[in-house]
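Shown next, in C-alpha coordinates, is the structure this report addresses.
The values are calculated or read from the model by the stated rules, or taken from the named source; none is laboratory data. Everything numeric in this text was worked out from a predicted model, so none of it was measured. Don't worry about glycine lacking a Cβ; one is built from the backbone with ideal geometry, like all the others, and counts go over all protein chains shown. Just so you know, the surface numbers come from the protein's heavy atoms only, side chains and all, with ligands and any DNA or RNA stripped out. Shrake-Rupley method; radii C 1.70, N 1.55, O 1.52, S 1.80 Å.
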Amino acid sequence: MEIIVLPDAAEVGRVAALKIAQVVERRPEAVLGLATGSSPTDIYASLARRVAAGELDFSRASGFALDEYVGIPLEHPESYASVIRRDVVEPLGMDPARVRVPDGRAADVEAAAEEYDAAIAAAGGIDVQILGIGANGHIGFNEPTSSFASRTRIKTLAPQTRADNARFFDDPDQVPTHCLTQGLGTILDAHEVVLVAQGERKAAAVAGMVEGPLSAMCPGSALQLHRHATIVVDEAAASRLTLVDYYRHTYENKPAWQRFA
Ligand code: F6R
(Lines give C-alpha, C1' and ligand atoms only; values in the text may rest on other atoms or scores of the structure.)
Protein backbone atom coordinates (compact mmCIF):
# COMPACT_ATOMS: atom_id res chain seq x y z
CA MET A 1 0.00 0.00 0.00
CA GLU A 2 1.14 3.49 -0.74
CA ILE A 3 -0.34 6.09 1.62
CA ILE A 4 -0.33 9.70 0.41
CA VAL A 5 -1.33 12.33 2.96
CA LEU A 6 -2.20 15.73 1.48
CA PRO A 7 -3.23 19.05 3.04
CA ASP A 8 -6.86 19.13 1.89
CA ALA A 9 -9.64 17.53 -0.13
CA ALA A 10 -8.87 19.54 -3.28
CA GLU A 11 -5.30 18.21 -3.33
CA VAL A 12 -6.61 14.66 -2.79
CA GLY A 13 -8.77 15.00 -5.92
CA ARG A 14 -6.00 16.59 -7.95
CA VAL A 15 -3.33 14.01 -7.08
CA ALA A 16 -5.64 10.99 -7.42
CA ALA A 17 -6.75 12.34 -10.82
CA LEU A 18 -3.11 12.47 -11.93
CA LYS A 19 -2.80 8.80 -11.08
CA ILE A 20 -5.90 7.92 -13.15
CA ALA A 21 -4.73 10.13 -16.01
CA GLN A 22 -1.39 8.33 -16.04
CA VAL A 23 -3.18 5.00 -16.62
CA VAL A 24 -5.27 6.40 -19.50
CA GLU A 25 -2.28 8.16 -21.08
CA ARG A 26 -0.38 4.88 -21.03
CA ARG A 27 -3.34 2.91 -22.33
CA PRO A 28 -6.18 4.87 -24.02
CA GLU A 29 -8.36 1.71 -24.00
CA ALA A 30 -8.01 1.43 -20.21
CA VAL A 31 -10.83 -0.17 -18.23
CA LEU A 32 -11.81 2.03 -15.28
CA GLY A 33 -13.65 0.95 -12.14
CA LEU A 34 -15.94 3.81 -11.17
CA ALA A 35 -17.04 4.69 -7.64
CA THR A 36 -19.91 7.07 -6.94
CA GLY A 37 -20.64 9.10 -3.78
CA SER A 38 -18.90 12.31 -2.68
CA SER A 39 -15.33 11.01 -2.36
CA PRO A 40 -14.39 10.79 -6.06
CA THR A 41 -16.23 13.92 -7.31
CA ASP A 42 -13.07 16.05 -7.23
CA ILE A 43 -11.25 13.36 -9.22
CA TYR A 44 -13.90 13.40 -11.94
CA ALA A 45 -14.03 17.22 -11.96
CA SER A 46 -10.25 17.43 -12.26
CA LEU A 47 -10.17 14.90 -15.10
CA ALA A 48 -13.07 16.69 -16.83
CA ARG A 49 -11.10 19.96 -16.81
CA ARG A 50 -8.19 18.24 -18.52
CA VAL A 51 -10.54 16.64 -21.08
CA ALA A 52 -12.09 20.08 -21.80
CA ALA A 53 -8.58 21.50 -22.24
CA GLY A 54 -7.82 18.78 -24.81
CA GLU A 55 -5.10 17.21 -22.61
CA LEU A 56 -6.82 13.87 -22.01
CA ASP A 57 -9.05 11.61 -24.07
CA PHE A 58 -11.36 9.01 -22.54
CA SER A 59 -13.27 8.20 -25.73
CA ARG A 60 -11.63 4.77 -26.08
CA ALA A 61 -11.66 3.92 -22.37
CA SER A 62 -14.37 1.77 -20.84
CA GLY A 63 -15.85 1.69 -17.37
CA PHE A 64 -17.57 -0.54 -14.85
CA ALA A 65 -19.41 1.09 -11.95
CA LEU A 66 -18.67 -0.32 -8.54
CA ASP A 67 -22.27 -0.71 -7.49
CA GLU A 68 -25.94 0.13 -7.99
CA TYR A 69 -29.01 0.24 -5.79
CA VAL A 70 -31.54 -2.54 -6.25
CA GLY A 71 -35.06 -1.52 -7.18
CA ILE A 72 -34.40 2.12 -8.01
CA PRO A 73 -35.80 3.29 -11.36
CA LEU A 74 -33.10 3.77 -14.01
CA GLU A 75 -34.13 7.40 -14.57
CA HIS A 76 -34.08 8.29 -10.84
CA PRO A 77 -31.47 11.06 -10.46
CA GLU A 78 -29.75 9.08 -7.67
CA SER A 79 -29.61 5.73 -9.44
CA TYR A 80 -25.92 5.10 -9.94
CA ALA A 81 -26.65 4.70 -13.65
CA SER A 82 -27.77 8.37 -13.62
CA VAL A 83 -24.90 9.51 -11.40
CA ILE A 84 -22.28 7.79 -13.55
CA ARG A 85 -23.77 9.29 -16.73
CA ARG A 86 -23.94 12.79 -15.22
CA ASP A 87 -20.65 12.88 -13.26
CA VAL A 88 -18.42 10.64 -15.35
CA VAL A 89 -19.54 9.62 -18.83
CA GLU A 90 -20.67 13.05 -20.05
CA PRO A 91 -17.94 15.25 -18.51
CA LEU A 92 -15.14 12.84 -19.47
CA GLY A 93 -16.49 12.27 -22.97
CA MET A 94 -16.67 8.50 -22.50
CA ASP A 95 -18.60 6.35 -24.95
CA PRO A 96 -21.83 5.41 -23.10
CA ALA A 97 -21.80 2.04 -24.87
CA ARG A 98 -18.51 1.23 -23.13
CA VAL A 99 -19.69 2.05 -19.60
CA ARG A 100 -21.65 -0.43 -17.55
CA VAL A 101 -23.47 -0.23 -14.23
CA PRO A 102 -24.75 -3.37 -12.45
CA ASP A 103 -28.39 -3.96 -13.33
CA GLY A 104 -30.23 -3.44 -10.06
CA ARG A 105 -33.55 -3.74 -11.87
CA ALA A 106 -32.96 -7.21 -13.34
CA ALA A 107 -35.66 -9.79 -12.63
CA ASP A 108 -32.85 -12.20 -11.77
CA VAL A 109 -30.31 -10.09 -9.86
CA GLU A 110 -28.09 -13.07 -9.12
CA ALA A 111 -27.71 -13.81 -12.82
CA ALA A 112 -27.12 -10.10 -13.51
CA ALA A 113 -24.37 -10.06 -10.88
CA GLU A 114 -22.66 -13.13 -12.33
CA GLU A 115 -22.87 -11.71 -15.81
CA TYR A 116 -21.32 -8.44 -14.57
CA ASP A 117 -18.22 -10.19 -13.25
CA ALA A 118 -17.99 -12.14 -16.51
CA ALA A 119 -18.17 -8.87 -18.50
CA ILE A 120 -15.32 -7.39 -16.41
CA ALA A 121 -13.23 -10.49 -17.09
CA ALA A 122 -14.09 -10.39 -20.81
CA ALA A 123 -12.90 -6.76 -20.93
CA GLY A 124 -9.52 -7.95 -19.65
CA GLY A 125 -10.11 -6.88 -16.04
CA ILE A 126 -10.15 -3.44 -14.50
CA ASP A 127 -6.95 -1.45 -15.04
CA VAL A 128 -7.61 1.02 -12.26
CA GLN A 129 -10.41 0.86 -9.71
CA ILE A 130 -11.41 4.18 -8.12
CA LEU A 131 -12.73 3.74 -4.57
CA GLY A 132 -14.07 5.67 -1.60
CA ILE A 133 -14.56 4.18 1.86
CA GLY A 134 -17.62 4.26 4.09
CA ALA A 135 -17.42 5.45 7.70
CA ASN A 136 -17.97 1.79 8.68
CA GLY A 137 -15.05 0.63 6.54
CA HIS A 138 -17.05 -0.61 3.55
CA ILE A 139 -15.60 -0.42 0.03
CA GLY A 140 -18.09 -0.75 -2.77
CA PHE A 141 -21.10 -1.72 -0.71
CA ASN A 142 -19.26 -4.60 0.91
CA GLU A 143 -20.49 -3.99 4.41
CA PRO A 144 -18.69 -5.32 7.51
CA THR A 145 -18.46 -9.14 7.54
CA SER A 146 -18.32 -9.30 3.72
CA SER A 147 -16.15 -12.15 2.53
CA PHE A 148 -12.75 -11.22 1.13
CA ALA A 149 -13.49 -13.77 -1.62
CA SER A 150 -16.87 -12.25 -2.56
CA ARG A 151 -17.82 -11.51 -6.15
CA THR A 152 -20.46 -9.11 -7.50
CA ARG A 153 -23.68 -9.89 -5.66
CA ILE A 154 -26.69 -8.49 -3.86
CA LYS A 155 -26.06 -7.01 -0.41
CA THR A 156 -28.24 -5.45 2.27
CA LEU A 157 -27.12 -1.90 3.05
CA ALA A 158 -26.10 -1.33 6.68
CA PRO A 159 -28.35 1.10 8.58
CA GLN A 160 -25.38 3.50 8.87
CA THR A 161 -24.85 3.44 5.10
CA ARG A 162 -28.53 4.17 4.46
CA ALA A 163 -28.38 7.04 6.96
CA ASP A 164 -25.17 8.38 5.37
CA ASN A 165 -26.69 8.27 1.88
CA ALA A 166 -30.00 9.83 2.96
CA ARG A 167 -28.49 13.22 2.00
CA PHE A 168 -28.98 12.30 -1.65
CA PHE A 169 -32.73 11.62 -1.24
CA ASP A 170 -35.74 13.77 -0.24
CA ASP A 171 -36.70 11.37 2.51
CA PRO A 172 -34.46 8.86 4.38
CA ASP A 173 -37.06 6.14 3.75
CA GLN A 174 -36.43 6.49 0.01
CA VAL A 175 -32.86 5.18 0.35
CA PRO A 176 -32.95 1.68 -1.13
CA THR A 177 -32.34 -1.19 1.27
CA HIS A 178 -30.34 -3.38 -1.13
CA CYS A 179 -27.66 -3.02 -3.76
CA LEU A 180 -25.60 -4.93 -6.27
CA THR A 181 -21.92 -4.42 -5.57
CA GLN A 182 -18.64 -5.68 -6.92
CA GLY A 183 -17.33 -8.08 -4.31
CA LEU A 184 -14.10 -7.70 -2.37
CA GLY A 185 -12.66 -10.47 -4.54
CA THR A 186 -13.75 -8.58 -7.67
CA ILE A 187 -12.10 -5.38 -6.36
CA LEU A 188 -8.91 -7.26 -5.46
CA ASP A 189 -8.71 -8.51 -9.05
CA ALA A 190 -8.28 -4.94 -10.38
CA HIS A 191 -4.74 -4.37 -11.63
CA GLU A 192 -4.48 -1.18 -9.57
CA VAL A 193 -6.71 0.57 -7.04
CA VAL A 194 -6.81 4.22 -5.99
CA LEU A 195 -8.85 4.96 -2.88
CA VAL A 196 -9.59 8.49 -1.71
CA ALA A 197 -10.93 9.63 1.67
CA GLN A 198 -11.51 13.08 3.07
CA GLY A 199 -12.54 14.39 6.46
CA GLU A 200 -12.49 13.35 10.10
CA ARG A 201 -15.57 11.12 9.66
CA LYS A 202 -13.44 8.71 7.64
CA ALA A 203 -10.44 8.70 10.01
CA ALA A 204 -11.34 5.53 11.92
CA ALA A 205 -12.15 3.61 8.72
CA VAL A 206 -8.89 4.74 7.12
CA ALA A 207 -6.90 3.65 10.19
CA GLY A 208 -8.65 0.27 10.19
CA MET A 209 -8.04 -0.20 6.47
CA VAL A 210 -4.35 0.72 6.53
CA GLU A 211 -3.09 -0.24 9.98
CA GLY A 212 -5.77 -2.46 11.46
CA PRO A 213 -5.82 -6.24 11.31
CA LEU A 214 -6.97 -7.92 8.13
CA SER A 215 -10.60 -8.33 9.11
CA ALA A 216 -14.00 -8.71 7.48
CA MET A 217 -15.19 -6.25 10.13
CA CYS A 218 -13.27 -3.58 8.18
CA PRO A 219 -13.78 -4.58 4.54
CA GLY A 220 -11.30 -1.91 3.38
CA SER A 221 -8.54 -3.86 5.12
CA ALA A 222 -8.81 -6.34 2.23
CA LEU A 223 -6.73 -3.82 0.27
CA GLN A 224 -3.74 -4.85 2.40
CA LEU A 225 -3.75 -7.92 0.14
CA HIS A 226 -3.60 -5.86 -3.06
CA ARG A 227 -0.27 -5.53 -4.85
CA HIS A 228 -0.87 -2.03 -6.14
CA ALA A 229 -3.13 0.03 -3.89
CA THR A 230 -2.71 3.78 -3.51
CA ILE A 231 -4.57 5.46 -0.65
CA VAL A 232 -4.86 9.23 -1.01
CA VAL A 233 -6.21 11.04 2.06
CA ASP A 234 -6.37 14.53 3.51
CA GLU A 235 -4.98 15.44 6.95
CA ALA A 236 -8.32 14.95 8.69
CA ALA A 237 -8.86 11.46 7.25
CA ALA A 238 -5.24 10.61 8.17
CA SER A 239 -5.61 11.85 11.74
CA ARG A 240 -5.81 8.37 13.32
CA LEU A 241 -2.88 6.83 11.43
CA THR A 242 -0.02 6.02 13.77
CA LEU A 243 2.69 5.92 11.06
CA VAL A 244 1.66 9.15 9.39
CA ASP A 245 5.19 10.62 9.62
CA TYR A 246 6.59 7.59 7.85
CA TYR A 247 3.99 7.89 5.03
CA ARG A 248 4.86 11.58 4.59
CA HIS A 249 8.57 10.87 4.60
CA THR A 250 8.16 8.08 2.05
CA TYR A 251 6.07 10.23 -0.30
CA GLU A 252 8.39 13.22 -0.05
CA ASN A 253 11.45 11.08 -0.76
CA LYS A 254 10.15 8.99 -3.64
CA PRO A 255 12.73 8.44 -6.33
CA ALA A 256 12.01 10.55 -9.42
CA TRP A 257 11.14 7.52 -11.55
CA GLN A 258 8.34 6.57 -9.12
CA ARG A 259 6.73 10.00 -9.06
CA PHE A 260 3.45 10.80 -10.76
CA ALA A 261 2.66 14.13 -9.04
C1 F6R B 1 -19.71 4.26 -4.00
C2 F6R B 1 -19.39 3.22 -3.02
C3 F6R B 1 -19.17 3.52 -1.57
C4 F6R B 1 -18.68 4.92 -1.26
C5 F6R B 1 -18.64 5.11 0.24
C6 F6R B 1 -18.22 6.52 0.61
O7 F6R B 1 -19.85 3.71 -5.29
O8 F6R B 1 -19.34 2.10 -3.38
O9 F6R B 1 -18.22 2.60 -1.07
O10 F6R B 1 -17.43 5.12 -1.82
O11 F6R B 1 -19.90 4.86 0.78
O12 F6R B 1 -19.23 7.40 0.23
P13 F6R B 1 -18.95 8.94 0.13
O14 F6R B 1 -17.86 9.10 -0.87
O15 F6R B 1 -20.23 9.56 -0.35
O16 F6R B 1 -18.54 9.38 1.48
Exercise. Could you give the dipole magnitude of the range 2-258 about its Cα centre, charging the beta-carbon of Lys and Arg +1 and that of Asp and Glu -1, in debye to the nearest 20?
Worked result: 420 debye
Exercise. If the cut-off is 18 Å between C-alpha atoms, which aspartates and glutamates fall inside it for Lys202, apart from same-chain ones fewer than 8 positions away?
Worked result: Glu2, Asp8, Glu11, Asp42, Glu143, Asp164, Glu211, Asp234, Glu235
Problem set entry | Helix-only CD estimate at 222 nm, as mean residue ellipticity for the chain, using -39500 (n - 2.57) per DSSP H run (n ≥ 4) | -9000 deg cm²/dmol
For this session: Among Pro28, Pro144, Pro159, determine the one that fluctuates most according to a GNM of the chain built with springs between C-alpha atoms less than 10 Å apart.
Result: Pro159
Exercise. With Rg and the Kirkwood Rh both taken from Cα atoms, where does Rg over Rh land for the range 8-76?
Worked result: 1.01
Exercise. If Lys and Arg each add +1 and Asp and Glu each add -1, what is the summed charge of the other residues whose beta carbon sits under 11 Å from the beta carbon of Ala166?
Worked result: -3
Exercise. How do 31-38, 250-257 rank on mean C-beta neighbours within 10 Å, highest first?
Worked result: 31-38, 250-257
Exercise. How far apart, in nm, are the 7 Å Cα→Cβ label points at Glu75 and Phe260?
Worked result: 3.9 nm
Exercise. Within the accessible area of the range 131-239, what % is carbon and sulfur when the probe is 1.4 Å and the other protein chains stay in place?
Worked result: 55 percent
For this session: Mind pulling up the Rg/Rh value for the chain? Radius of gyration and Kirkwood radius, both on Cα.
Result: 0.94
